[in-house]
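Novice: The structure is given below, and queries will be raised subsequently.
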Amino acid sequence: MNIIIFGPPGAGKGTQSNFIVKKFNLVQLSTGNILRDEIKKKTQLGMEIDKEINLGKFVPDKIISKLVETFLSNKDYKNKIIFDGYPRNLWQANDLDKLLIKYEQKIDLALNLKTDIEIIKKRITGRYLCNKCGKIYNKYFNPPPKNKDCCSDEFLNKREDDNMDIAIKRFNIYMKETSPVLDFYKKKKLLKEINGESSIDQIYKEISDIIAVIEA
Ligand code: AMP
């Protein structure tokens, strides 16, 4: 099963994807995570990507297309992908359709975590990531456990693009560029809406129930 998870930046796509990959034995394709890994390598490409991300802009479609093709062409991942943060515009959605045909795969489900801008501001400005295990926390909604070796202050990091100005900019770009992609999947009758403002557990339960029905 291939799934796409939509929602504005900070809606909880990464958090939910982490849960879903474990429960349903899928692999997560987070274009944002892959881009951040490239930045860490300090390559020429990484430096160009860094500039775009920290301006709150999208990384060029051609770069994203290559990343996604590497994943889709990997036989170990065939029909096991959860796309997180992709496709982000109509060009990418059409490109994904072509890649799916090329690698004989399909999308089974598109989820939309609907979340308002006021919640997004708190989710983004309160977000921390454990450098060691990759777990995502939020100082308002989901604080890291105290006295735990792994997710202690020493390992917690903020993303450079997780500040208020960039958060608003990323939200506006999402509304302009990514909202039309939701219609694209609605027309294909693949889109399911989820209230992204519910608790993490509630959202996880709703998503799990939807996937379980499709799998049955
Ligand atoms: P995310 O981790 O999904 O919030 O992505 C962080 C940043 O990476 C975004 O604000 C974009 O600059 C860039 N990015 C991630 N995925 C894509 C994509 N599919 N297309 C273009 N840019 C992307």
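Listed here are the residues, each with its yes/no results for (1) in contact with a helix residue (DSSP H, G or I) (Cβ under 9 Å, 6 or more places away or on another chain); (2) closer than 22 Å to LEU111 by Cα.
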position: LYS146; (1), (2): no, no
position: ARG159; (1), (2): yes, no
position: LYS169; (1), (2): no, no
position: ILE173; (1), (2): no, yes
position: LYS176; (1), (2): no, yes
position: SER179; (1), (2): no, yes
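Novice: Residues that are aliphatic (A, V, I, L, M), buried (at least 19 other Cβ atoms within 10 Å of the Cβ) and within 19 Å of THR15 (Cα to Cα): does region 152-159 have at least one?
Specialist: For region 152-159, residues aliphatic (A, V, I, L, M), buried (at least 19 other Cβ atoms within 10 Å of the Cβ) and within 19 Å of THR15 (Cα to Cα): absent.
Novice: Let me ask something else about it. How many residues does region 31-49 contain that are open to solvent by 50 Å² or more (accessible area, probe 1.4 Å) and either near the ligand (Cβ under 10 Å from one of its atoms) or in contact (Cβ under 8 Å) with a residue 12 or more places away in the chain (or both)?
Specialist: Matching residues across region 31-49 total 3.
Novice: Of the conditions (1) within 21 Å of GLY14 (Cα to Cα); (2) at pLDDT below 95, THR43 clears all except one; give me its number.
Specialist: Condition (1) is where THR43 drops out.
Novice: Could you grab me the full set of residues in region 58-112 that are assigned to a loop (DSSP other than H, G, I, E, B), within 16 Å of the ligand (Cβ to nearest atom), surrounded by 14 or more Cβ atoms within 10 Å (Cβ to Cβ) and on the phi < 0 side of the Ramachandran plot?
Specialist: Within region 58-112, PHE58, VAL59, TYR86, PRO87, ARG88, ASN89, ILE107 qualify.
Novice: While we're looking at this one, here's another question. Please determine, by comparing only the residues of region 186-206 that are buried (at least 16 other Cβ atoms within 10 Å of the Cβ) and in contact with a Phe, Trp or Tyr (Cβ under 8 Å, 6 or more places away or on another chain), which one is farthest from PHE141 (Cα to Cα).
Specialist: Selected residue: LEU191.
Novice: If we scan region 149-158, do we find a residue that is away from the ligand (no atom under 16 Å from the Cβ), touching a residue at least 24 places away in the same chain (Cβ under 8 Å) and not in a strand (DSSP E or B)?
Specialist: yes
Novice: Under 6 Å by Cβ, and 6 or more places apart or on different chains, what pairs join a residue from region 174-198 that is more than 12 Å from ASN89 (Cβ to Cβ) with one that is in a helix (DSSP H, G or I) and at pLDDT below 95?
Specialist: GLU197/ILE119
So that you can scan it fast, the table gives a plain yes or no per residue for (1) at pLDDT 90 or above; (2) under 17 Å from the mean Cα position of the chain (by Cα); (3) of a type in the set (Lys, Arg):
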position	(1), (2), (3)
LEU156	yes, no, no
ARG170	yes, yes, yes
ILE173	yes, yes, no
PHE184	yes, no, no
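Novice: For region 43-60, indicate whether the set of residues that are closer than 21 Å to TYR77 by Cβ and of a type in the set (Ser, Thr, Tyr) is non-empty.
Specialist: No, every residue in region 43-60 fails to be closer than 21 Å to TYR77 by Cβ and of a type in the set (Ser, Thr, Tyr).
The values are calculated or read from the model by the stated rules, or taken from the named source; none is laboratory data. The structure presented is a predicted model; accordingly, all values stated were derived computationally and were not measured. Glycine gets a Cβ as well: all are built from the backbone with ideal geometry, and neighbour counts include every protein chain shown. The protein model used for the area step is the full one, side chains on, heavy atoms only, and it has no ligands, DNA or RNA in it. Shrake-Rupley method; radii C 1.70, N 1.55, O 1.52, S 1.80 Å.
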